[in-house]
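The values are calculated or read from the model by the stated rules, or taken from the named source; none is laboratory data. These numbers come from a predicted model, not from an experiment. Glycine gets a Cβ as well: all are built from the backbone with ideal geometry, and neighbour counts include every protein chain shown. These area figures cover heavy atoms from the full protein model, side chains too; ligands, DNA and RNA do not enter into them. Shrake-Rupley method; radii C 1.70, N 1.55, O 1.52, S 1.80 Å.
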2 protein chains.
Amino acid sequence: MTDTKTAIHEDGSLERLTIDTIRTLSMDAVQKANSGHPGTPMALAPVGYTLWSQFLRYDPSRPDWPNRDRFVLSVGHASMLLYSLIHLAGIEEIDAEGNKTGRPVLTIDDLKGFRQLASRTPGHPEYRHTTGVETTTGPLGAGCSNSVGMAIAERWLAARYNKPDFTLFDHDVYALCGDGDMMEGVAAEAASLAGHLKLSNLCWIYDSNHISIEGGTDLAFDEDVGLRFQAYGWNVIHLDDANDTAAFAKAIETFKATNDKPTFIVVHSVIGWGSPKAGSEKAHGEPLGEDNVRATKKAYGWPEDKDFYVPDGVAAHFHDAIANRSEPLRHEWEALLAKYGEAFPDLGAELDLMLKDKLPEGWDADVPEFPADEKGLATRDSGGKVLNALAKRVPWLIGGSADLAPSTKTDIKGAPSFEADNYGGQNFHFGVREHGMGGVVNGMTLSHLRSYGSTFLVFADYMRAPVRLSAIMELASVWVFTHDSIGVGEDGPTHQPIEHLATLRAIPGLDTIRPGDANETAWAWRAALEDAGRPTALIFSRQALPTLDRGKYASAEGVMKGGYVLADCDGTPDLILIATGSEMHLVVEAHERLIAEGVKSRVVSLPSWYRYELQSEDYKDSVLPAAVPTRLAVEQAGEMGWHRYVGLKGKTITMSTFGASAPISKLQDKYGFTVDNVVKVAKEMLETK
Amino acid sequence: MTDTKTAIHEDGSLERLTIDTIRTLSMDAVQKANSGHPGTPMALAPVGYTLWSQFLRYDPSRPDWPNRDRFVLSVGHASMLLYSLIHLAGIEEIDAEGNKTGRPVLTIDDLKGFRQLASRTPGHPEYRHTTGVETTTGPLGAGCSNSVGMAIAERWLAARYNKPDFTLFDHDVYALCGDGDMMEGVAAEAASLAGHLKLSNLCWIYDSNHISIEGGTDLAFDEDVGLRFQAYGWNVIHLDDANDTAAFAKAIETFKATNDKPTFIVVHSVIGWGSPKAGSEKAHGEPLGEDNVRATKKAYGWPEDKDFYVPDGVAAHFHDAIANRSEPLRHEWEALLAKYGEAFPDLGAELDLMLKDKLPEGWDADVPEFPADEKGLATRDSGGKVLNALAKRVPWLIGGSADLAPSTKTDIKGAPSFEADNYGGQNFHFGVREHGMGGVVNGMTLSHLRSYGSTFLVFADYMRAPVRLSAIMELASVWVFTHDSIGVGEDGPTHQPIEHLATLRAIPGLDTIRPGDANETAWAWRAALEDAGRPTALIFSRQALPTLDRGKYASAEGVMKGGYVLADCDGTPDLILIATGSEMHLVVEAHERLIAEGVKSRVVSLPSWYRYELQSEDYKDSVLPAAVPTRLAVEQAGEMGWHRYVGLKGKTITMSTFGASAPISKLQDKYGFTVDNVVKVAKEMLETK
């Protein structure tokens, strides 16, 4: 309790005082930055306050407690709501190694630095950048889909690790969503999946403010969202007034008492509540203006001249409400975990590794070495074998496909499916929902699972947003994209990726690996798992590829360097053939022919441009010497990006158009992906050089 | 009527005989190709038969009749259903110029060439490739969203051109959708928009067969789809049995009698009906196998040894049913159109141009020439002005934004919004539904409108699939992507595109243009409109850019060649600075400083790589001479692709990481996009060359 509250606030409660503190901090930060979104934090301050102070199981001194409830701000533009909550709750910072730094995550000065260079308070909340931010949001629908992944992760962790008297996992996941989220298809996909899986630990709070950027939502959006969620199998609750904290608390109690479905709470709110711009799109994405800020403070009974004002007692009240409830629970949990390690040493050790984002000793011991084989197998097939070898040793390596597992070969053999009646399952059926799958996989990864999602490479287009977010967040999500070229054959141009390799390689921080045979595939999967701080896209063929004789050619371990000399001539080569994936064996065969004819040829396998670019200049010059400009790259994909390796004097055999529907051999003839053509183009280059 | 039918078919009706012909043609074609999807055509043959024979207003002799009903096969994998219908209906081929070739689109031999190289029957239906295919489908959800655009187009055409006694447009749009479509978010987005717009001319027929590729839909999808569509505001009809053609016909009659909302017909079907694999995922995506084909034919009462068998009378029956109803209507329509041209000569002439995909004389006469201005304006702003100048002269240039029009500046000023109470509106509110918007814009373009959709460049990720399809289909859709770099500023990395320029440039056939000032913007919009057979992505800045003095520098018309020498030195340059968009003025300023210091520098503006690559080698060598390898490219985007122009000896100032949240000037300092840094790097290059 505080002296000032009655003086400045007619309502008189600390609750109301804290809510208005959240509102005014948000207004002030946006005004100071002269940029940002004030209206939604102002509208949802009562919701945030009530959820955090009365319900959220969250110890501000240990924001990394594995069994904490998750709060996802899917309306990422309302970042000042989250920053205000983090500040007032006194969340303590955890560094990249998981150690406490002893400083609060966000001071008032941090709030004053909102949207400034290198501040802890960027425009949209960024995971890893600001402790307490559970996931990076901003692209609409992303947070919603992440929250489904987090809820899935909790169910899986509970199914695997909970034992009688050892309830290690029983947390809930809350997501705060807006009209934009509700219009995005990705949220619809994730919601349908969550309903199917009966994720009763998941609660979405939908801020229905009837305002979009262009004006009222009636311009484009007047469906019955609640009824839609009933159709998905959710429990739906309607609240008339976001300021009615008692009604909201009752709704959350209903959520907590619901055991067979997720809960969807529709909260009708007024954007920019209390301000002269209340209820208008003008309160959404721009500062209110100094006069309006003053007028709003006056309406709140707030001192008009004070910026970033936190009345005495407010922070303590809010912190204590959360910490007094949660800190003892966290201590109990840690004690329980210690006892668990004694009662179930294997599971305890496994859990310990997993929570530290580490892999067990010998995690790759079962990965096969594939014998040379001219017929060989598709990299989707070898990929499936390697995945299965890894999953045996890393039980929390789980994932699935957007309804293409029989084709992407990503099933874990003999393992059950993850379904509402078996939350311990390892095979996930995401449905024909690529974008939703991406968001869900990221959410699972955020909860320490090593998770993967798979589909055809061409449908990576449907899920670019979550792939990008996995790179921004430095998550170890694994994206398995098969059917990686015109090798798809008869399905034709809509199913044949052309530009997709380039579009994935262009994402900063994403390791895109396109292995050329079964042994490169084994190393590609190793590369994907060994680093818990980087996403990987594994690009696999539909068609069978010969398994090279690694006695004759260089070891496939070269994959780890991104590119390596696979086959060589004596002395300085006159020509370098470069390829990835299904074209690797093609250039090897061309190379053998050229060598037989006396041409000094080298073959470079370049499965990961990302890894190759991380190598030293010396190494790179040993693979692609500056002195050898006659370079021919062969890839059944678009040319974009290849000039980095072939330069202005090199050439490529690549795709300059979309593909066509025909059996693969006809397509390879048509587009020049034959040994004959590689040899022919190489000779032409040598003649004219 | 035919002699054979009673002999081979116990049901005895021509209806049943035709339906089984569709089924067996589909089975046989898939079996012969040893690739494809037999099950859905077999299940939906009664639906296709009934819709086409009893309802579809479609003249097989003029499949390009503008007022024909549209039939969209969103389940594109079921292409043999459509090919069988086209064959049996005897649709006549129309060539690229719109002339009749006098041959049927698909003969039995064409069906026998299913999925073979250069056949007219590719794996998934391809627009422009096979007359009668209204849109390219295969990527799930695409056809659904296209159909909404087609229904919108019909409403708009009716609102603009229909007059009392002149009902030129009153066609309906049907889409055949499957479980996959229903799981995809894009279809959900489009359905929500269609409900909002009360498109009563739109009917989706949902094939609910409870089978997905991984197994039963109960693995991932058990929502109440019908209830969901009620929530969207659709009229929902459930049918128990796809074989009950009378019930289906009644449902279509209900659709036709419904005037205030779209109709959703849920048809429960059995995939692979009649075959030993009926009801199994094994009937979905692979041939049935020869024994099963025989067994199925036996079950149908079909001659087991006949392949591609069309009983006497079947084709005539099916053709006549369609043609006898529709051909007179088409003739009446043409007579009406002729009279319309007399009664409303201006509108008639406009309509004639539009249907021929032409632009009116002087269509770009109002496009402003922007005077030199150091302060200048953002290209999103100049883009808005140019769009408005064009829309005045091309009234069917209509489009909108995914709820960002105030930011993308794509509103047509003073024009009404397209809403259920004003189908003549020109401004579209697509809602926060980028993917849906893409599909809708393509659908509108397929009906001859010149349509555009806009959002922030970073959210191009949400709508890659329809952008790609616009390129595959050679549609003139215009994609307006603004906020094109770290110039976005405070919104931070989730909102700052890095890789997106490369990902668009990588799409074959898409003209991606990033103009550098207001006058380049004017030419970019001209480029987008002048060719009706190519999509364009217009990339605009958020921040103001100086308008160059085109007296001093080369004309902005150089945009039409993709790249041009903007500023030059005397004699052969020692250095070429290359830039696009917001970095154009930056390199011009650096150039001026270098020239003043005696450096022989050239500036190349390269707004469209696509157009530049279409130029002659001579022209390209005049812009970027092979003799000048010292080249520095500057672009606030990722480096991918730039080595094509700078080679191995050149450099780039580009983004190698994601951006950050801060005011733009701080970001430009941080990442080196300053005149000082360009000059510094250029000098370093000259010193070491």
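What to note about this one:
- Residue in segment A:362-377 that is part of a helix (DSSP H, G or I), under 22 Å from A:THR547 (Cβ atoms) and not polar (S, T, N, Q) present: no
- Restricting the first member to segment A:286-307 and to residues that are among the aromatic types (Phe, Trp, Tyr), and the second to residues that are open to solvent by less than 70 Å² (accessible area, probe 1.4 Å), the beta-carbon pairs closer than 6 Å and six or more apart or on different chains are A:TYR300/A:ASP20; A:TYR300/A:GLY274; A:TRP302/A:THR24.
- A Cβ distance below 6 Å, combined with a sequence gap of six or more or placement on separate chains, defines the contacts here; from segment B:26-53, residues that are within 22 Å of B:ALA316 (Cβ to Cβ) reach residues that are among the charged types (D, E, K, R) in the pairs B:ASP28/B:ASP307; B:ALA45/B:ARG23.
Condition check ((1) at pLDDT 95 or above; (2) under 18 Å from the mean Cα position of the chain (by Cα); (3) facing chain A (nearest Cβ under 9 Å); (4) farther than 30 Å from B:ALA158 by Cβ) across all residues:
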{"residue": "B:ARG450", "(1), (2), (3), (4)": "yes, yes, no, no"}
{"residue": "B:GLY453", "(1), (2), (3), (4)": "yes, yes, no, no"}
{"residue": "B:GLY489", "(1), (2), (3), (4)": "yes, no, yes, yes"}
{"residue": "B:GLY516", "(1), (2), (3), (4)": "yes, no, no, yes"}
{"residue": "B:ASN519", "(1), (2), (3), (4)": "yes, no, no, yes"}
{"residue": "B:GLU530", "(1), (2), (3), (4)": "yes, yes, no, no"}
{"residue": "B:ALA537", "(1), (2), (3), (4)": "yes, yes, no, yes"}
{"residue": "B:ARG542", "(1), (2), (3), (4)": "yes, no, no, yes"}
{"residue": "B:MET560", "(1), (2), (3), (4)": "yes, no, no, yes"}
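- The listed residue being within 14 Å of chain A (Cβ to nearest Cβ) and modelled with pLDDT of 95 or more, out of B:VAL270, B:VAL266, B:VAL293: B:VAL266
- Residue list for segment A:293-315, filter: in a helix (DSSP H, G or I) and open to solvent by 30 Å² or more (accessible area, probe 1.4 Å): A:ARG294, A:ALA295, A:LYS298, A:ALA299, A:ALA315
- Out of A:GLY414, A:GLY383, A:GLY400, one residue alone is away from chain B (no Cβ under 14 Å) and buried (at least 23 other Cβ atoms within 10 Å of the Cβ). It is A:GLY383.
- Residue match in segment A:77-84 (condition: modelled with pLDDT of 95 or more and open to solvent by 10 Å² or more (accessible area, probe 1.4 Å)): yes
- For segment B:470-487, the set of residues classified as facing chain A (nearest Cβ under 9 Å) and open to solvent by 10 Å² or more (accessible area, probe 1.4 Å) consists of B:ILE472 only.
- Residue count, segment A:426-448 (criterion: outside any helix (DSSP H, G or I) and within 11 Å of another protein chain (Cβ to nearest Cβ)): 7
- The residue that is farthest from A:VAL314 (Cα to Cα), counting only those in segment A:71-99 that are in contact with a Lys or Arg (Cβ under 8 Å, 6 or more places away or on another chain) and in a strand (DSSP E or B), is A:ILE94.
- Near pairs, Cβ below 7 angstrom, 6+ apart or cross-chain, from segment A:114-132 (in contact (Cβ under 8 Å) with a residue 12 or more places away in the chain and among the aromatic types (Phe, Trp, Tyr)) to any residue that is open to solvent by 10 Å² or more (accessible area, probe 1.4 Å) and not in a loop (DSSP other than H, G, I, E, B): A:PHE114/A:LYS32; A:PHE114/A:ALA33
Residues checked against (1) touching a residue at least 24 places away in the same chain (Cβ under 8 Å); (2) within 27 Å of the chain's Cα centre (by Cα):
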{"residue": "A:LYS339", "(1), (2)": "yes, no"}
{"residue": "A:LEU353", "(1), (2)": "no, yes"}
{"residue": "A:ASP357", "(1), (2)": "yes, yes"}
{"residue": "A:GLU361", "(1), (2)": "no, yes"}
{"residue": "A:SER382", "(1), (2)": "yes, yes"}
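- Per this entry, B:MET150 is not counted among residues that are touching a strand residue (DSSP E or B) at 6+ places or on another chain (Cβ under 7 Å) and either among the charged types (D, E, K, R) or facing chain A (nearest Cβ under 10 Å) (or both).
- Residue match in segment B:491-507 (condition: touching a residue at least 24 places away in the same chain (Cβ under 8 Å), touching a strand residue (DSSP E or B) at 6+ places or on another chain (Cβ under 9 Å), closer than 25 Å to B:GLN426 by Cα and of a type in the set (A, V, I, L, M)): no
- Among the criteria (1) more than 14 Å from every other protein chain (Cβ to nearest Cβ); (2) in contact with a Pro (Cβ under 6 Å, 6 or more places away or on another chain), the one A:VAL634 does not fulfil is (2).
- Applying the criterion of being in contact with an Asp or Glu (Cβ under 8 Å, 6 or more places away or on another chain) and not small (Gly, Ala, Ser) to the residues of segment A:656-677, the residue that is farthest from the other protein chains (Cβ to nearest Cβ) is A:VAL675.
- Any hit, segment B:417-439, residues being within 9 Å of the chain's Cα centre (by Cα), closer than 30 Å to B:PRO493 by Cβ and hydrophobic (A, V, I, L, M, F, W, C): no
- A Cβ distance below 7 Å, combined with a sequence gap of six or more or placement on separate chains, defines the contacts here; from segment A:175-197, residues that are more than 26 Å from B:LEU219 (Cβ to Cβ) reach residues that are at pLDDT below 95 and assigned to a helix (DSSP H, G or I) in the pairs A:ASP179/A:THR217.
- Failed condition for A:LEU359, given (1) surrounded by fewer than 18 Cβ atoms within 10 Å (Cβ to Cβ); (2) in a loop (DSSP other than H, G, I, E, B): (1)
- Scanning segment A:438-452 turns up at least one residue that is within 19 Å of A:LEU359 (Cα to Cα) and β-branched (Val, Ile, Thr).
- Matching residues in segment A:262-289 - criterion: being under 31 Å from the mean Cα position of the chain (by Cα), surrounded by fewer than 23 Cβ atoms within 10 Å (Cβ to Cβ) and part of a loop (DSSP other than H, G, I, E, B): A:HIS284, A:GLY285, A:GLU286, A:PRO287
- Taken over segment A:318-370, the criterion of being aromatic (Phe, Trp, Tyr) and closer than 30 Å to A:GLU557 by Cα is satisfied by A:TRP363, A:PHE370.
- Only listed residue being free of Cβ contacts under 8 Å to residues at least 40 places away in the same chain, aliphatic (A, V, I, L, M) and open to solvent by 10 Å² or more (accessible area, probe 1.4 Å), chosen from A:ILE664, A:ILE595: A:ILE595
- Subset tally (residues that are away from every other protein chain (no Cβ under 14 Å) and either small (Gly, Ala, Ser) or in contact with a strand residue (DSSP E or B) (Cβ under 8 Å, 6 or more places away or on another chain) (or both)) for segment B:89-144: 18
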